[in-house]
Each structure stands twice: as structure tokens, then as C-alpha cells.
Amino acid sequence: MRDGRALPLGRLAAGVAVVALVVFIVLLGVLHPPRKAGVFTDRLGPEQGEQVADYLARARDSLAGADTADHWALVSFTEPVVPEQIPPNSGGLRIAQVLYRVPVPRVQTPLVAVPVPAGDAAAVASAESAAWLLPRAALDDRAAEVGALSAARLRSGCACAVGIVVRGPLDGLRKIASQNGIRAVEALPADAVAGRFGVVPLLPDQLDIVAPGPNDGPVPDK
């Protein structure tokens with residue numbers, strides 16, 4: 001007489017197959033974990049709310065060491081410079097990016113990062129590219145005025161370059177840090193990957209704490 005509590009063979013086989021499939025999927029995940037989406041944890045520059053003195057100390061510490069590998073590094077200027085002054089502030093190292101921000105009293109203007117090919121001429125000519133890279137969609141009339149002013153001043157060759165990203169050995173970066181007109185040089189570890197780190201320069205008008213400046217001043221016509 002058949003025991004009513006016994007599972008039919010078909011159901012039993014199906015249950016075993018499901019368990020085996022679950023075990024296989026778990027093992028597959030352990031042996032071949034999914035590739036993580038890019039999380040860019042490397043960063044050059046101060047954090048919002050950071051004390052400027054703390055960042056300057058952190059930047060100096062990043063240049064310590066005796067390795068001879070090339071490092072990506074952020075060079076923040078004491079004052080904004082005109083395009084022709086960019087190469088002398090690089091210490092002869094490869095300039096990879098030029099950072100622009102048009103200074104206007106009590107007006108927040110956009111920061112623009114311009115990737116540049118090798119060669120001093122490309123760095124000097126990068127202000128025109130910065131004008132083209134300014135945000136095109138303005139949220140309001142004031143933002144549109146700030147964008148138009150920034151573009152006009154960049155195209156006129158203003159003293160608006162606030163920093164550069166360079167690549168070179170630590171001894172070369174320390175030499176840049178000792179130059180007049182250089183406020184800070186911060187290096188990433190040698191294994192940092194190009195294009196996988198953020199960059200925010202220490203702006204010349206950030207003296208005590210890193211925070212947005214006032215934005216209540218009039219926007220000049222030119």
C-alpha cells in the first residue's frame with residue numbers, strides 16, 4: 001500500500017534539481033564575483049568644510065617618500081595666472097589638465113577643468129577651450145550672465161588659471177612646491193589611474209576654511 005506522505009519521484013527529482021541549481025549559483029558568485037561599478041575614491045584637492053591649514057599639511061605629507069615613480073599631482077596657485085604663466089609653474093613636468101575659474105568679487109563662477117595634450121603650447125591655448133566647456137544651460141538670468149562673463153574673460157586671456165594637474169616623480173613635485181606663486185602641491189599614490197580621480201583645487205580666496213564664497217555681488221557687464 002502506498003504511503004500518502006511519500007513524495008512522488010517526479011517532485012522529489014525536481015526539488016533536488018532546484019537545490020543543486022541554487023548551490024551552483026552561490027558557488028558561481030563566490031568564484032566569479034560581479035565586477036564592481038567604478039567608485040572613484042581617489043581625489044586631489046581639499047574637501048568641503050576642511051580647514052585650509054589641514055589641507056596644506058596633508059598636501060605636504062603627500063610629497064614625502066623616496067620612490068622614483070611618476071605620480072599624478074594637483075598644483076594650486078597662490079593667485080590666478082594668465083595662460084602664458086602656466087608652463088613656468090609646471091616645473092617642466094607634463095601638464096595633463098588646466099583648471100580655470102574667473103575671479104569676480106562676491107560672485108560664484110564655475111570651475112572648468114580642461115584636459116590638454118603634451119606641450120606648453122596646448123596649455124597656453126587652453127583658455128579658449130575652457131570658454132567652450134562652460135555650462136550652456138543656465139538655471140536663471142544671473143547664471144546666464146555669469147556664464148557669458150566667464151566666457152568673455154577667458155577668451156580675452158584673463159588671469160583665471162587657478163591650478164594644474166601634472167604627472168612626475170616626487171622630487172620634481174617637491175621642486176614645484178618650493179617655487180614662488182605655488183600654494184600647494186598634492187600627489188596621489190603612484191598606482192592612481194588616469195581619469196579615475198576627482199580634482200578640486202584650493203582656490204586663492206579660500207583662506208581659512210574650504211567653502212563656497214558669497215554670491216550676492218553684481219555681475220559686471222564685461
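Return yes or no: is residue 179 of a type in the set (S, T, N, Q) and not assigned by TED's automatic domain parsing to the domain that holds residue 87? Against the criterion (of a type in the set (S, T, N, Q) and not assigned by TED's automatic domain parsing to the domain that holds residue 87), residue 179 does not qualify. Going residue by residue through region 119-136, is there one that turns out to be at pLDDT below 95 and under 20 Å from residue 216 (Cβ atoms)? No. Taken as a whole, region 53-69 holds no residue that is among the charged types (D, E, K, R), without any contact (Cβ under 8 Å) to a residue 60 or more places away in the chain, farther than 23 Å from residue 177 by Cβ and assigned to a helix (DSSP H, G or I). A Cβ distance below 8 Å, combined with a sequence gap of six or more or placement on separate chains, defines the contacts here; from region 181-196, residues that are more than 15 Å from residue 45 (Cα to Cα) reach residues that are part of a loop (DSSP other than H, G, I, E, B) and at pLDDT below 95 in the pairs 190/67.
Please pick out the residue among 152, 123, 184, 159 that is surrounded by fewer than 19 Cβ atoms within 10 Å (Cβ to Cβ) and either in contact with a strand residue (DSSP E or B) (Cβ under 7 Å, 6 or more places away or on another chain) or assigned to a strand (DSSP E or B) (or both).
Answer to the check: 159.
Here region 126-149 is the region considered, the condition is being surrounded by fewer than 20 Cβ atoms within 10 Å (Cβ to Cβ) and in contact (Cβ under 8 Å) with a residue 60 or more places away in the chain, and the residue that is nearest to residue 98 (Cα to Cα) is 149. Scanning region 187-199 for residues being modelled with pLDDT of 95 or more and either assigned to a strand (DSSP E or B) or within 10 Å of the chain's Cα centre (by Cα) (or both) gives a total of 2.
Among the residues of region 97-114, are any in contact with a Lys or Arg (Cβ under 6 Å, 6 or more places away or on another chain), within 30 Å of residue 169 (Cα to Cα) and in the same structural domain as residue 167 (by TED's automatic domain parsing)? Within region 97-114, one or more residues are in contact with a Lys or Arg (Cβ under 6 Å, 6 or more places away or on another chain), within 30 Å of residue 169 (Cα to Cα) and in the same structural domain as residue 167 (by TED's automatic domain parsing). Scanning region 91-120 for residues that are touching a helix residue (DSSP H, G or I) at 6+ places or on another chain (Cβ under 6 Å), in a strand (DSSP E or B) and surrounded by fewer than 17 Cβ atoms within 10 Å (Cβ to Cβ) yields a total of 0.
The values are calculated or read from the model by the stated rules, or taken from the named source; none is laboratory data. Predicted model only: the values in this text are computed from it and were never measured. Please note: Cβ atoms are built from the backbone with ideal geometry, for glycine as well, and neighbour counts cover all protein chains shown.
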